[in-house]
1. Tell me the carbon and sulfur percent of the accessible area for region C:5-57, rounded to whole percent, probe radius 1.4 Å.
2. Could you give the length gained on full extension between residue B:54 and residue B:165, defined as 0.36 nm per residue of separation minus the Cα-Cα distance, in nm?
3. Roughly how big is region C:61-311's charge dipole about its Cα centre, with Cβ charges of +1 (Lys, Arg) and -1 (Asp, Glu), in debye to the nearest 20?
4. Could you please state, rounded to a whole Å, how far the C-alpha centre of region B:126-193 is from the C-alpha centre of region A:242-314?
5. What is the extension gain from residue C:227 to residue C:384, computed as 0.36 nm multiplied by their sequence separation minus the C-alpha to C-alpha distance, in nm to one decimal?
6. With solvent modelled as a 1.4 Å probe, how much accessible area in total do chains A and C shield from it at their shared surface, in Å² to the nearest 100?
7. Under a 1.4 Å probe, what is the accessible area of region C:5-57 per residue, stated in Å²?
8. With unit charges on the beta carbon (Lys/Arg positive, Asp/Glu negative), name the residue among C:238, C:336, B:514 whose Cα is farthest towards the positive pole of the charge dipole of the protein assembly as shown.
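The values are calculated or read from the model by the stated rules, or taken from the named source; none is laboratory data. Everything numeric here is computed off the predicted structure, so don't read it as measured data. Positions of Cβ are backbone-derived with ideal geometry, glycine not excepted, and every protein chain shown enters the neighbour counts. Remember, those area values only see protein heavy atoms, side chains included, never the ligands or the DNA or RNA. Shrake-Rupley method; radii C 1.70, N 1.55, O 1.52, S 1.80 Å.
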Amino acid sequence: MAVAMVKERWPGRVMELVIGREPHAVKAGGESTLPFLHFEGEIPNRPLAALEVWDVEPEGWPETLAEAYPGVTRDPVAWAKMCEDCGADLICLRLAGAHPEGKNAGPAQAAETARAVAAAVNRPLIVIGCGVEEKDEEILPAVAGAIAGQNALLGCATMNNYKKITEACLSYGHGIIASTPLDINLAKQLNILINETGIPLDRIAFDPIVGPLGYGFEYAYSIIERARLSALSGDRMLATPVICFVGQEAWKTREARSEDGGGWGDQARRAILWEALTAAGLALAGGSIFVLSHPASLNAFKKHLAAMMKPFTC
Amino acid sequence: CGGGQGGLGSLSPLYRKVFLSLKEPAPGDGEDDLARLSRAIRKEAGVGELRPGLDVLRGLPKTLRDAGWKVTVSLAEGIGCGCAEIAEIEPGRVGRKYFGLAVDIGTTTVVAHLVDLESGRTESMKGAYNRQSVYGEDVISRIIYAGEHKDGLEGLQKAVLDTVNGLIREMTEELNIKRVDIKAAVCAGNTAMTHLFLGIDPTYIRLEPYTPAANKIPAVRAGSIGLDIHPQAWVNCVPGVAGFVGGDIVAGVLASEMAFSEKMTLFIDVGTNGEMVLGGGEWLVACACSAGPAFEGGGIRHGLRAVSGAIEHVEVAPGSLAVKYSTVDGVPPLGICGSGLIEVVAQLYKAGVIDRGGNFVFPGRTPRIRDAGEGREFVLVWPEEPALPGGIAVSEAEIKNLLRSKAAVYAGIRSMLKKVGLPAGAIERVIIAGGFGGYINIREAVNIGLLPDIPLDRYTYIGNASVKGAAMALLSRQARQALEEIAGRVTYLDLSADNTFMDEFVAALFIPHTDLSLFPTVT
Amino acid sequence: MGLTGLEIFKQLPKTNCRDCGQTTCLAFAMAVATGKAVPDRCPHLSEAARDFLGSASAPPVMPVKIGAGSKQVEIGNESVLFRHDKRFENPTAIAVTVCDTLSNGEIAARVERINGLVFERVGQVYKVDLVAVVNSSGNPGRFAEAAKIAAERAEFALILVSEDPAAIEAALDCTADGRPLVCGANAANYQAMTGLAGRFGVPLAVRGANLEELASLAEKVAALGLRQIVLDSGARETAKVLADQTQIRRQALKKFRPLGYPTITFVDHEDSLQAVLQAGVYVAKYAGVVVLDTVEPADLLALITLRLNLYTDPQKPPAVESKVYEILNPGKDSPVYITTNFSLTYYSVAADVEASRVPGYILPVDTDGTSVLTAWSAGKFTPEKIAEALNSSGIAEKVSHRRVIIPGALGVLSGRLQEVSGWEVLVGPRESSGIPSFIKQQWKT
Ligand code: B12
Ligand code: SF4
């Protein structure tokens, strides 16, 4: 029986965001169809998987996670190199040390760390601040200057601090991460605001602040799916690739941390799965860049992506 | 009712006097006095079933005979009752004038019209602040007060009655007439106000699932609630639709004539609750988007209603940020009204002081923008200008509050359209009712995304439509039937029932909107 | 179903008689449009309207029931492609395999392990749904025996996986009461299989080599009188299965009848982590049943949680969980802020507490995801509810003081809250943006 295939003809596509410099540059987005539906459109780039590196030794990491980086967690340069060896597509440097309640590193110190990491690895860089809006708008411009021309992805800009961060990204040639809490309209608003400062849409990735499995995953899933549909329908303001900070969220959950959840099975396996399945799920919704914490999750996720990208005849 | 002829224009008042000249009973015709009277009334006045009060019946035989069978009969009808009451029989032809009272009972203001029921002319109009305000600014506080204080309900009822009675006194004094000559009343109020006016417990209007005691309330005698008109007069309340879409809106829809129009009409009452109705002759949907009092100047430090001295027009020069403004009546500024606020937001955005999200982003330093403790504010009127000691300023928080209000209105409109499955372009005309609307700059309201971006000539302003509708009901039987019909036909949308509204709300929290394609004429 | 409220309204009598339980015909039409009511609830529909609305509102994906009694699960009955459009109706049934090559004892033990795959989450119990008995032995008698053991011991209904009609018949002889899903029919055996499914009154899975073959097989099986059909496109590679699943759902929504049935998918990855990710794709993208070969609690906990998330009602307002949130590593002396669990409200407050640079605890009270004043108005944010949240959240153990900050808009509550909670109440600023300056001035420890 002949079945007339239903193929959508989408008028729009996801923006293609280039991070890093040739020959090591990577590309995110660019799709003209829903995730992994090879039969109806182009999927020029596989979703990207980054590993996170901190500028200070992380506190309170579960052992399963800390053990994955033996001897390097006090040295961001060595840590970044190890992540590169583990197969990360990008290195995501988190400037947690700038946190005012922690080491309170200043702009100069943050800039120096970023410069050192950038010099040590080939992989393109994502650099994110400490998450305190006021502090980030102080340090990120310095970081942007220190790694000028590297075409990194800097963030996270919010409704309250986007102005200074966009200026720095514009001046020093970096892409920017726009971060809004779990709401598609807010995400679009920030994209518009940033775009109106002069940054082209293909230099923005948006971060919907994803929830991991069991903790708001469904909101993120639907926001990302709706954003993809909007992008494909021609809404350029929602066509920026989505970045998902999965690792930090997944490793906060009870499911990832608790040794014995009463019949929950092996903790290490559970934690890796929590991270990898959250990422795989959000990739299916339309996420483009994934920042993970554990090399094993990265591996599992990349292997999965390879399968999803495998062309087949239809 | 049988035989209600005549359009809305033809006079068939709620209360009227008819002069009748009856044929004396003759031997053999066997008809009793009441039947004789009723037949004559029906013929003369075209009413259906008649009901005499016992008092009238008791005096009937003697009155008829003493008057030589020439009498003046008073007929009282009601909203939603198919019969007329024979309220009074007087001998001979009575020339004395009689009046009807139409009242819009608003949460903040009460407006009354006194109508000559014979000529149909409105003889006096008065307004006053609702004296319930001492119990709380908004409906919710009053509902809570009524429920939680001993004698709370009585106190609130008394306060609103005092307000209305005060207006009655003013009007009767002005016209030099007696209060007992007011023979009928129609009240239109939001559901909670109607409850409080009649002393009915409003508690459950506030609590999920927001159920009123009654949307359709039978008429009551003025004397039974203490309304200062003829004690036997019937007080009719315009039927409502739901806890947050009341008789005031139904009366407004009547006055707007949208309910019988082919045109797809949007009716918006930009009061605190932000009620709106969409539809036409075939169907009507309504919702309350709970916009908040910002458009009436509420919740804003220098907010004012559109009274003398309220800033109503504002221009902010890009670059220098010089401010030009004008006030109601051209007197020195005392504050800023809703329409002025709309212009401020539009102008501040255009001048680059705020971004689309309402955040202050002006790059330079200027004394116009100053720190106000809890965030920044923009100075409209300097202290030295002939005004208040501290000048007049609008803060970032206030702008965000206004954006929430405008977002709620726009989201309400979008939700209604979405629920019935119509595009925004389907709206053929917009009727704006409510206190602030007379001064509103529609262009700027569209620019900030309060109102839909459709050709400006599709907008009309109708003022206090609620009291107009109530007055229509005083005068026309068809209007009364229409009120019933409208209240029964309006489909109420509960905006809290799902996510549609919230999604639209956040999308609208932007100047003009997150979806810029909805505002093609706005840059 | 694709009809708008107004399109449905046009078919109704427009008398607003309320016999359907709605206040107006339009209200009823909108309820039908969103699937909250069925057209039949209006007793006054004309014949023509009934036909029109009936066919328009029939579920595009046939509902299919597997199992009997308390073990029954329903799959199918879906009507959308994306969960944000309307809730996904029936969660993907998760099936775990048991091979008939295992010894009887091993089969029993494995079934027990499957029975134990039960998890609790926020007071709710979640488990797998089905046991798939696989005929790897090629021996009908052996298969029947394995199926019998599984049927006796499993707390779930069965899938009988064999393409040999003899094996299926033997197994059905002893398990048909439990209405297992027979899996199944293919181009070669469909007549015999359909006969068996019909005779025993059980649902049947149909496998095609591709979508075309699948559609024609499904049509033939339906023509033989069987309606309880489950589709298997034959694909096993994840991306191909995704494509097929998407096609089948799209075809069903277009009312292409031969593909208007729920689907079954098989996870076959030899790498056990990959297998879970693969299963995740199928759960998210339209599988009615996913069959997998693991009894690892960790694997199933992850998968079941994914399913739970994806099948929640998207129309619930975005709310955060009502629990204590720690901002900037607070300690014993840190301030405690009360707010609502409406996400817009919570995130405003959280951002401003963070901006204050003073570490603190935020306790969002469950107000059904409504804003501060809306919640207060509707009686969802009362002193009693706040006190209850203070008591049950464990915040009292985290701080050594008893002072709590409430939103400025709720100033009126402070007296009563103090009374019922025993905490000292500080009324904060009306807008959370005032928190940084407020806290610096007002919070002294
Ligand atoms: C959107 C909205 C709704 C939505 C629901 C939104 C939701 N999910 O909560 C809908 C339409 C469903 C709704 C319903 C109702 N609403 Co309403 N609604 C609004 C509106 C427009 C915006 C509310 C909002 O989202 N604010 C944004 C959030 C972030 O604000 P927030 O929660 O207050 O948080 C801020 C502050 O409180 C503070 N804060 C919060 N937590 C904390 C904690 C601390 C420690 C501190 C210091 C500060 C702080 O900071 C936050 C950011 O600034 C307001 C009017 C307005 N312009 O604000 C009315 C409003 C809140 N609603 C109101 C009412 C009465 C209702 C109804 C009960 C009745 C009605 N008239 O409609 C109904 C319920 C019945 C119904 N189903 O219709 C009233 C409340 C009256 C009052 N007493 O003040 C308001 C003020 C409007 C009015 N009529 O005056 N509403
Ligand atoms: S029962 Fe039918 S006719 Fe009556 S209100 Fe409902 S939909 Fe309309």
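1. Numbers: 1350 of 2680 Å².
Within region C:5-57, the accessible surface is 50 percent carbon and sulfur.
2. Numbers: separation 111, 0.36 × 111 = 39.96 nm, distance 2.89 nm.
Full extension of this stretch gives 37.1 nm more.
3. Values: 26 positive and 29 negative charges, 209 e Å.
I would put it at about 1000 debye.
4. When both Cα centres are located, 64 Å separates them.
5. Numbers: separation 157, 0.36 × 157 = 56.52 nm, distance 5.40 nm.
Stretched fully, the residue C:227-residue C:384 segment lengthens by 51.1 nm.
6. Values: alone 13640 and 20530 Å², together 28950 Å².
Between A and C, the summed buried area is about 5200 Å².
7. Details: 2680 Å² over 53 residues.
Dividing the accessible area of region C:5-57 by its residue count gives 51 Å².
8. B:514
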